[in-house]
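The values are calculated or read from the model by the stated rules, or taken from the named source; none is laboratory data. As the structure is a computational prediction, the values presented were derived from the model and not from experiment. Neighbour counts run over all protein chains shown; Cβ positions are idealised from the backbone, glycine included.
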Amino acid sequence: MTTDILKQKQKERFIVFLTSLASIGLIIANQLMGWEAWVPVVLLIMIVLLWAIHLSEKLNPDWKALFCFLTAFMNVFYFSVHHTSLFDIAAVVSMAMIAYTSFDRVYMMHAFLAEFFFLMP
């Protein structure tokens, strides 16, 4: 394997790990705050699918990046719609944008920014 492919795989692994960690944190926050009970199940399914797609290596890197992005986008949206997280929205969106810059996809940054402006009261 060339070094470019290895670097790409390391980026993907980092983003999958980071997105999984954020989802687990969101599950914990869900339980502590008493939010909707069905969401942790969906988040766990997304984590399992995320790792299955990453480990199977059946999809091309663009589709993997898109699935990771959609999972993170959903996490940011779910976290931000609750009134208890009103002041944390900017920090969460900023962290997501910083993490996803490694994919070099401008549409991801635009989508996170649009989500931020949509969710701000």
Exercise. Can you tell which of L70, L44, L59 is among the aliphatic types (A, V, I, L, M) and more than 16 Å from the chain's Cα centre (by Cα)?
Worked result: L59
Exercise. From the set of residues in segment 7-41 that are without any contact (Cβ under 8 Å) to a residue 40 or more places away in the chain, of a type in the set (A, V, I, L, M) and assigned to a helix (DSSP H, G or I), which is surrounded by the most Cβ atoms within 10 Å (Cβ to Cβ)?
Worked result: I27
Problem set entry | Set L59, L44, L113: member being surrounded by fewer than 14 Cβ atoms within 10 Å (Cβ to Cβ) and not in a helix (DSSP H, G or I) | L59
Exercise. Applying the selection to segment 52-82, what residues are farther than 18 Å from I24 by Cα and of a type in the set (G, A, S)?
Worked result: S56, A65
Seminar exercise, completed: Restricting segment 81-121 to residues that are under 22 Å from K64 (Cβ atoms) and of a type in the set (S, T, Y), the one modelled with the lowest pLDDT turns out to be S102
For this session: Filter segment 77-121 down to residues that are touching a residue at least 40 places away in the same chain (Cβ under 8 Å) and of a type in the set (V, I, T), then give me how many there are.
Result: 1
